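Asker: Supplied in structure tokens, the structure appears directly below.
No value in this document is a laboratory result; all are computed from the given coordinates. What you see is a predicted model, and the numbers here were worked out from it, not measured in a lab. Cβ placement follows ideal geometry from the backbone for every residue including glycine, while neighbour counts extend to all protein chains displayed.
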Amino acid sequence: MAGVTDLPFRRLCRHYGAALAVTEMISSRPQLSYHRRTLQRTDHSGEPQPRAVQILGVDPGEMAACARSNEALGAQIIDINMGCPAKKVCKVAAGSALLRDERKVDAILRAVVEAVSLPVTLKIRTGWDRRHRNALRIARIAEQAGIAAITVHGRSRACGFSGEAEYETITQVKKAVSIPVIANGDIDSPHKARQVLHETGADAVMIGRAAQGQPWIFRQVSHFLQSGTRVASPSLDEIATVMVEHIQELHRYYGPQQGVRIARKHIAWYLQRLAIPRAYWKTLLREEEAMRQLEGLSLQLQQLRQVA
Ligand SMILES: Cc1cc2nc3c(=O)[nH]c(=O)nc-3n(C[C@H](O)[C@H](O)[C@H](O)COP(=O)(O)O)c2cc1C
């Protein structure tokens, strides 16, 4: 997830039991390959295997070259983004806009599969809009092209993130292909994960937004799926430790200036989940210095412990 699944967050999710955590999308445009953001996104230091990298683009040759260079940089799975609804991405016919051009989809998938000796996976939406849901055809094209697994977010591009994800299309995709199908969209609890697996017959679920501010959700979901019983929610002490270590890691990884900026959204996600009213911590989000940000965070946690 762009702006979310950087190396520190991927490591945290994997620590809590996520079987796979994919990088932020990496543009295949060659002029961006030495861009600071691209280099950060292709860094796998200390990342558990398998390391999955998501690439984005429209040109089969550029996508193939991008996949190859990521293979050389340590990627072990290449994931292709055909789900991003962002205007600036769709304007250049990339991301979910590709779903409207099935021949192009075929060309890109074949080029990437041929370029690397790694499993190549695909992430899609159900279609461009509700009237043009072609996930089934895309999935068949993907299977024919040698794609190893396909993730379907149960919304069309036009749906953005509104309304509820629908799983019927995912069910149909699962019936139509024999490669593994991963169901995605609005999975935010162990029960929901089990329900979606049951309803769609999918081989796995992918969790996005529900991991923000609670990376331990992977432990809760995997425990529930394996045992049918719920694991206790993390204690306030565990949450506090995770938060502080995560923010410190962001400061270290990005350096104090950029780290403080990137940490803000994670702090907000954590504190929202702890149901602390925003009024108490909105000034914390304006801190410019790493130490002060950490002190402000510790203060919030201390106050929370006192009322708990
Ligand atoms: C901030 C944000 C960034 C995202 N970036 C990506 C991305 O780079 N690649 C991708 O395949 N999906 C991306 N997504 C979509 C998610 O992977 C996922 O498909 C979507 O959020 C639905 O799943 P969820 O309900 O579990 O969040 C992004 C979503 C959000 C909210």
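Asker: Here are some pairs, K88/K175; K87/K123; K192/K282; K91/K123; which of them have Cα atoms lying more than 24 Å apart in this structure?
Answerer: From K88/K175; K87/K123; K192/K282; K91/K123, over 24 Å: K88/K175; K192/K282.
Asker: Still on this model: DSSP loop (so not H, G, I, E, B), at most 10 other Cβ within 10 Å: list which chymotrypsin sites (Phe, Trp or Tyr not before Pro) in the stretch 1-48 pass both filters.
Answerer: Y34
Asker: Taking 0.36 nm per residue of sequence separation and subtracting the Cα-Cα distance, how much length would be gained by fully extending the chain between A204 and L73, in nm to one decimal?
Answerer: Extending this stretch completely gives an extra 44.5 nm.
Asker: Count the net charge of all other residues whose Cβ sits under 13 Å from the Cβ of H191, scoring Lys and Arg as +1 and Asp and Glu as -1.
Answerer: 0
Asker: Then there's this: How large is the translational diffusion coefficient of the chain in µm² per second when you combine the Kirkwood radius over alpha carbon pairs with Stokes-Einstein at 25 °C and 0.890 mPa s?
Answerer: Estimated diffusion coefficient is 121 µm²/s.
Asker: Could you run the Karplus curve 6.51 cos²θ - 1.76 cosθ + 1.60 with θ = phi - 60° over the stretch 189-197 and give me ³J(HN,Hα) per residue in whole Hz, x for Gly and Pro?
Answerer: 7, x, 5, 5, 4, 5, 4, 5, 4
Asker: Then there is this: Using the Kirkwood radius over C-alpha pairs as Rh, can you work out the diffusion coefficient of the stretch 48-131 via Stokes-Einstein at 37 °C, viscosity 0.692 mPa s, in µm² per second?
Answerer: Stokes-Einstein gives a translational diffusion coefficient of 256 µm²/s.
Asker: Between the stretch 188-217 and the stretch 33-70, what is the C-alpha centre distance in whole Å?
Answerer: 26 Å
Asker: Under the Karplus relation 6.51 cos²θ - 1.76 cosθ + 1.60, θ = phi - 60°, what is the ordered set of whole-Hz ³J(HN,Hα) values for the stretch 217-232, x standing for Gly and Pro?
Answerer: 3J(HN,Hα) across the stretch 217-232, in whole Hz: 4, 5, 5, 5, 5, 5, 4, 5, 5, 7, 10, x, 10, 8, 8, 4.
Asker: Relative contact order, percent, of the stretch 178-308 when contacts are C-alpha pairs under 8 Å separated by at least 6 residues?
Answerer: With pairs under 8 Å counted, the relative contact order is 19 percent.
Asker: For q = 0.18, 0.24, 0.25 Å⁻¹, what log10 I(q)/I(0) does the stretch 247-308 give under the Debye formula with an equal point scatterer on each alpha carbon and no solvent?
Answerer: Here log10 of I(q) over I(0) equals -0.58, -0.97, -1.04.
Asker: How much length would be gained if the chain were fully extended between D188 and M1, taking 0.36 nm per residue of separation minus their Cα-Cα distance, in nm to one decimal?
Answerer: Length gained, D188 through M1: 65.7 nm.
Asker: Which of the chymotrypsin sites (Phe, Trp or Tyr not before Pro) found in the stretch 122-195 are loop residues per DSSP with 15 or fewer other Cβ atoms within 10 Å of their Cβ?
Answerer: F161
Asker: Which net charge results when you count Lys and Arg as +1 and Asp and Glu as -1 among the other residues whose beta-carbon is under 13 Å from that of T241?
Answerer: The answer is -3.
Asker: Fewest to most neighbouring Cβ within 10 Å: what's the order for R14, R51, R209?
Answerer: Ranked by crowding around the Cβ, least crowded first: R209, R14, R51.
Asker: Any idea how far apart A107 and E238 come out in nm if each label point goes 7 Å out from Cα toward Cβ?
Answerer: 5.1 nm
Asker: If you don't mind, there's one more thing I want to ask. Specify the angular offset, from 0 to 90 degrees and rounded to the nearest 10, of the alpha carbon long axis of helix 236-254 from the longest principal axis of the alpha carbons in the chain.
Answerer: Result, in degrees: 70.
Asker: Let me ask another. Normalised by the residues of the stretch 1-134, what does the relative contact order come to in percent, with Cα pairs under 8 Å and at least six apart?
Answerer: 21 percent
Asker: Chymotrypsin sites (Phe, Trp or Tyr not before Pro) within the stretch 234-308: which are DSSP loop residues with at most 16 other Cβ atoms inside 10 Å?
Answerer: Counting only loop positions with at most 16 other Cβ atoms within 10 Å, none of the chymotrypsin sites (Phe, Trp or Tyr not before Pro) in the stretch 234-308 qualifies.
Asker: Sticking with this structure for a sec: Quick one: length gained pulling S117 to A19 fully straight, 0.36 nm per residue minus the C-alpha distance?
Answerer: 33.2 nm
Asker: Restricting to DSSP H runs of at least four residues, report the calculated mean residue ellipticity at 222 nm for the chain, -39500 (n - 2.57) per run over all residues, nearest 500 deg cm²/dmol.
Answerer: Helix contribution divided over all residues of the chain: -14500 deg cm²/dmol.
Asker: Of all beta bridges DSSP finds with both residues in the chain, what is the antiparallel percent, to the nearest 5?
Answerer: If I count the DSSP bridges inside the chain, around 0 percent turn out antiparallel.
Asker: Mean separation of Cα pairs under 8 Å and 6+ residues apart, divided by the residue count of the chain: what relative contact order is that in percent?
Answerer: About 12 percent, as a whole number.
Asker: What does a probe at R261 reach in the stretch 25-44, counting residues whose amide N is under 14 Å from the point 7 Å along Cα→Cβ?
Answerer: Zone members listed by number: 36-38.
Asker: While we're on this one: Separation between the Q40 and V307 pseudo-spin-labels, each 7 Å from Cα along Cα→Cβ, expressed in nm?
Answerer: 3.3 nm
Asker: Using the 10 angstrom Cβ neighbour count as an exposure proxy, how do K87, K104 rank, fewest first?
Answerer: So the ranking, lowest neighbour count to highest, is K87, K104.
Asker: Rank the residues M206, M25 as a footprinting-exposure proxy: fewest other Cβ atoms within 10 Å of their Cβ go first.
Answerer: M206, M25
Asker: I would also like to ask the following. How charged is the neighbourhood of S33? Take every other residue with its Cβ under 13 Å from the Cβ of S33, and add Lys/Arg as +1 and Asp/Glu as -1.
Answerer: Net charge around S33: +4.
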